[in-house]
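Enquirer: One structure follows; several queries about it will come next.
Nothing in this text is a laboratory measurement; each read-out follows from the coordinates by a stated rule. In this text the structure is predicted, and so the values were computed from the model without any measurement. With ideal geometry, Cβ positions are generated from the backbone for all residues, glycine too; neighbour counts draw on all protein chains shown.
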Amino acid sequence: MLLSAIGIFMVVDHHTWITFNLFGDFIPYNSFFMPMFVFISGYFNKVDRSTKLFPYILKKVKTLLVPYIGISACVFLFQQLINFLKAGEPFSLSGWYLKYMFVRIVTVGAFGPIVEPMWFVISLFATLLVYALMKKILGRIWNSYVMLAVFLILHLLTVYIAKTNDPEAIEYFLVPLKVMFFLPFLEMGIIYRDHLEKKHSAMTGGGKIALLAVLLTINAIRTMYLPDSYDIAFDSLGELAGFTSPYIVTPVISSIVGILFWLTIVELAGKPVFESRFVNYMSCNTFWIMGFHILFFNILNCILLFVHEHITRLLYFDAEYFRESEWYFWDLSNNFKIVYMLFGILGPLGLKRLFDLTLSARKSHRA
């Protein structure tokens, strides 16, 4: 749960162009954090050959696709209001825009920039379903280590395809390719839970610190063999782009190092916050933060735009840039990024809390 909360914190931090940068200079966020979410899903995955597929698929539809549709629809409506407030654009749905949104959903996995991080939900849903189907068919002969080797080959093939093809050429194959990319991390989560967790937890404090030092050293040595130190990371995973490293093994090694590093941090120093209600609430509502945090960045920018145009001119605030992009940030100072972080995390959690209270009130009224 703590690892999941750390992961979503990193997502928001990354999207504010790095505010806190938790060990990010040594292990960049986008070298592991999306595979880490799949690893966590694997840890909780209990699928085997006795699993009834239809109830399982229905459960995943309820827990993944329904929130995806609801959050995306809500963000879309808010986006229209924001577009009107910042640029005076009236609400309209042209045939071209509907086609654009549909293509984006079935390829990247999200209808537009303001809800871009939700691409992950579609990829996770597809990965879980493919894995469950394979486990159902091959359950009698399933060996996690053998399947991990198979999944790693598929992963490396995906990176090779992404690196050697024009993005437009693989646009309509993005979902199956991302499934191939993520499958090994799902199996790693299961292997960790079943075979490695007790050994990892039983390590002494000194042993865990030594492991952290080894992992940092591995990344330090690897960067010496890369054209650029940032090649250890990968960008635009939603579109399978940004694999700048010349080596197809870079993403999987970076992911393993990053996941194990933060697992060890949690094992070593996480106990004081294991029972934190706020941390666990973050962890239980990662999709809300993932889907709404860019929207709340824009809500903050709308407030700043109002102040800028009606109260007092704000130094360095670029109103025109904001009108053209959902990814504008007021570059006043690095410290002001903290305000974006607070909006990006507390805004979605506050909205979720309001949603829960409203739902609870309706149930009580019906009762």
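Enquirer: What distance in nm separates the two pseudo spin-label positions at W17 and F278, each 7 Å out from Cα along the beta-carbon direction?
Expert: Result: 2.7 nm between the two label points.
Enquirer: With +1 on each Lys and Arg Cβ and -1 on each Asp and Glu Cβ, and nothing else charged, work out how big the dipole of segment 281-366 is about its Cα centre, in Debye to the nearest 20.
Expert: I would put it at about 660 debye.
Enquirer: Still on this structure, I have one more. Please compute the modelled spin-label separation between Y160 and T217, points set 7 Å along Cα→Cβ, answer in nm with one decimal.
Expert: 3.2
Enquirer: In terms of Cα to Cα distance under 25 Å, which lysines are near enough to K136, apart from those fewer than 8 places away along the same chain?
Expert: Answer for K136, where 25 Å is the Cα cut-off: K46, K52, K59, K60, K62, K178, listed by chain and number.
Enquirer: When the helix-only estimate is applied to the chain (DSSP H runs of n ≥ 4, each -39,500 (n - 2.57), divided by the residue count), what is the mean residue ellipticity at 222 nm, nearest 500 deg cm²/dmol?
Expert: -22000 deg cm²/dmol
Enquirer: How would you rank 109-117, 139-147, highest first, on the average number of other Cβ atoms within 10 Å across their residues?
Expert: In decreasing order of mean packing, 109-117, 139-147 become 109-117, 139-147.
Enquirer: May I ask you to list, by number, the DSSP H helices of the chain whose Cα span along the axis is at least 24 Å and whose average Kyte-Doolittle hydropathy reaches 0.0 or more?
Expert: Qualifying helices, which must be both long enough and hydrophobic enough, are 66-87, 119-138, 144-164, 174-191, 205-224, 250-269, 286-310, 337-366.
Enquirer: Just to be sure I understand the curve: with the Debye formula and one point per C-alpha of the chain, what is log10 I(q)/I(0) at q = 0.09 Å⁻¹?
Expert: So the normalised log intensities are -0.56.
Enquirer: Pulled fully out, how much extra length does the chain show between V103 and Y230, if you take 0.36 nm times their separation in residues and subtract their Cα-Cα distance?
Expert: Gain in length upon complete extension: 42.6 nm.
Enquirer: Compute the separation of the alpha-carbon centres of segment 188-223 and segment 315-345 and state it in Å as a whole number.
Expert: The distance from the Cα centre of segment 188-223 to that of segment 315-345 comes to 37 Å.
Enquirer: Per-residue counts of other Cβ atoms within 10 Å, averaged by peptide: what ranking do you get for 308-319, 286-297, highest first?
Expert: Descending mean neighbour count gives 286-297, 308-319.
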